[in-house]
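Working notes for the structure below.
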Amino acid sequence: MRLRILLSAFLLLSLAYCSSSPQDEIVEVLKRREKALEKGDLALYLSCISENYQDKGMDFSAIGQKVAGSIKSLKGIELSFFDRSVYLEGEYATVYQKVELSVDVGGKERHSSTREQLTLVKEKGGWKIIKGL
């Protein structure tokens, strides 16, 4: 009986330890987006974006077209993200991060650096970017 209680307690603790936090889930979405850009994988990129995306006059479809054009024209995309902060507000999260981009444009390597602010929403399938691209 005692062994059964100890095993049950161990299982519960193991499950609690293995479950990921919202911050971990958000960082995973951001890593998936980074991987998609580096590999030129539009489908993977779009899996990170909410179909309800709306920002600066762009929706989900417009973001897809923009990224598809970028992937075709840019080669050797290398991204670095750092100084990342994640702030949770219920079903929404705001991410601030610095982005360094290096791309090959017509045989010339170009570098840029910017500060990015993204808004994510918790949807049925997980966290998705809804604003900020």
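Just to be sure before I move on: is residue 34 at pLDDT 95 or above and in a helix (DSSP H, G or I) in the structure I sent? Steps first, please.
Details: at pLDDT 95 or above: no; in a helix (DSSP H, G or I): yes.
It is false that residue 34 is at pLDDT 95 or above and in a helix (DSSP H, G or I).
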### Tabulated pairs, the range 29-56, first aromatic (Phe, Trp, Tyr), second part of a loop (DSSP other than H, G, I, E, B), C-beta under 9 angstrom, 6+ apart or interchain
53/133
### Message
For the range 33-87, which positions are under 15 Å from the mean Cα position of the chain (by Cα), closer than 23 Å to residue 111 by Cα and of a type in the set (A, V, I, L, M, F, W, C)?
### Response
36, 37, 42, 63, 67, 79, 81, 82
#### Entry: Output for the range 80-120, where each listed residue is farther than 19 Å from residue 43 by Cα, in contact with a Phe, Trp or Tyr (Cβ under 9 Å, 6 or more places away or on another chain) and surrounded by 14 or more Cβ atoms within 10 Å (Cβ to Cβ)
84, 86, 93, 94, 95, 96, 97, 99, 116, 118, 119
### Task
Determine if the range 49-68 includes at least one residue that is surrounded by fewer than 17 Cβ atoms within 10 Å (Cβ to Cβ) and modelled with pLDDT under 90.
no
### Task
Kindly list, by first and then second residue, each pair from a residue in the range 70-89 that is within 23 Å of residue 122 (Cα to Cα) to a residue that is β-branched (Val, Ile, Thr) and surrounded by 14 or more Cβ atoms within 10 Å (Cβ to Cβ), limited to pairs with Cβ atoms under 6 Å and residues at least 6 apart or on different chains.
81/99; 86/26; 86/95; 87/94
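The values are calculated or read from the model by the stated rules, or taken from the named source; none is laboratory data. Given the structure is predicted, the values throughout are model-derived calculations rather than measurements. With ideal geometry, Cβ positions are generated from the backbone for all residues, glycine too; neighbour counts draw on all protein chains shown.
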